[in-house]
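Q: Take a look at the following structure, please.
The values are calculated or read from the model by the stated rules, or taken from the named source; none is laboratory data. None of these values were measured; they are calculated from a predicted model. As a convention, Cβ positions derive from the backbone with ideal geometry for all residues, glycine included, and neighbour counts pool all protein chains shown.
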């Protein structure tokens, strides 16, 4: 009975998705001119203001990261100086603050590459490049500063975390940092990393599928070419193949 319910839910979800896709596709075809003009206007706006968007993201993310890092340092000092339940509570608060700071810097890193790519796409012609050479140099300078700044902050946050966990190993500048850090975690921490990775894999799969739908609908009204779909398909294939390969390798290691 349970299997029948699962099958019915799947069929209904598939039917609902087809209906929604059909309605959106029909609406996109009907309002093709308006949707196309709106998309082009939004694209130009982002390209022309990528530098300001990058600076705004940097200001927000760095403010959060530095505030969390400063709070973490205060809690860490209290944790390392005392003992008892209060010490343990301060220890946990410091750990959470450092994690939040690392998350903010990680988000800024992704946003930096994304917005830099958006800004660079506005200089696809020689005329645009000549007219906006100063803006291009400024965008590149800010991007490079943020990339190296993120690396420095991540390294600083990792060193601070090692003060709480002396057993942790790895350097941000080392290409094997993630593996070294993971290997230095205990079983509970490794299990937590595995659960987080599983949830991230699920979220990424849903996001890729949603983006495919969006690209297909936009393809009805705009000449996007095949590059966006190929890039998205490549990412999806890398995710699927790497997951299957890692699963087989893990199974072999356990049997061995």
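Q: Looking only at segment 83-120, count how many residues are touching a helix residue (DSSP H, G or I) at 6+ places or on another chain (Cβ under 7 Å) and free of Cβ contacts under 8 Å to residues at least 24 places away in the same chain.
A: Looking only at that region, the number is 3.
Q: Check residue 208 against each of (1) farther than 17 Å from residue 95 by Cα; (2) surrounded by 12 or more Cβ atoms within 10 Å (Cβ to Cβ); (3) more than 19 Å from the chain's Cα centre (by Cα) and name the one condition it does not meet.
A: All conditions are met except number (3).
Listed here are the residues, each with its yes/no results for (1) in a helix (DSSP H, G or I); (2) modelled with pLDDT under 85; (3) within 30 Å of residue 70 (Cβ to Cβ).
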{"residue": "157", "(1), (2), (3)": "yes, no, yes"}
{"residue": "172", "(1), (2), (3)": "no, yes, yes"}
{"residue": "190", "(1), (2), (3)": "yes, yes, yes"}
{"residue": "198", "(1), (2), (3)": "yes, no, no"}
{"residue": "201", "(1), (2), (3)": "yes, no, no"}
{"residue": "224", "(1), (2), (3)": "no, yes, no"}
{"residue": "229", "(1), (2), (3)": "yes, no, no"}
{"residue": "236", "(1), (2), (3)": "yes, no, no"}
{"residue": "247", "(1), (2), (3)": "yes, yes, no"}
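Q: Still on this model: Just the residues that are surrounded by 12 or more Cβ atoms within 10 Å (Cβ to Cβ) and within 30 Å of residue 120 (Cβ to Cβ), please, taken from segment 159-186.
A: Passing the criteria: 172, 174, 177, 178.
Q: Identify, from the list 125, 63, the residue that is exposed (fewer than 15 other Cβ atoms within 10 Å of the Cβ) and modelled with pLDDT under 90.
A: Matching residue, one of 125, 63: 125.
Q: Starting from segment 211-223, take each residue that is closer than 14 Å to residue 236 by Cβ and list its partners that are exposed (fewer than 15 other Cβ atoms within 10 Å of the Cβ) and modelled with pLDDT under 80, counting only C-beta distances under 7 angstrom and pairs at least six apart or across chains.
A: Filtered contacts from segment 211-223: 213/21; 215/224.
Q: Mind checking whether some residue in segment 189-197 is surrounded by 11 or more Cβ atoms within 10 Å (Cβ to Cβ) and within 30 Å of residue 52 (Cα to Cα)?
A: Checked against the condition, which is being surrounded by 11 or more Cβ atoms within 10 Å (Cβ to Cβ) and within 30 Å of residue 52 (Cα to Cα), segment 189-197 yields no hits at all.
Q: Of the numbered conditions (1) within 22 Å of the chain's Cα centre (by Cα); (2) surrounded by 15 or more Cβ atoms within 10 Å (Cβ to Cβ); (3) assigned to a helix (DSSP H, G or I), residue 216 fails exactly one; give the number of that condition.
A: Exception for residue 216: condition (1).
Q: Let me ask another. Just to be sure I understand, how many residues within segment 159-168 are touching a residue at least 12 places away in the same chain (Cβ under 8 Å) and in a helix (DSSP H, G or I)?
A: Adding up the residues that qualify gives 4.
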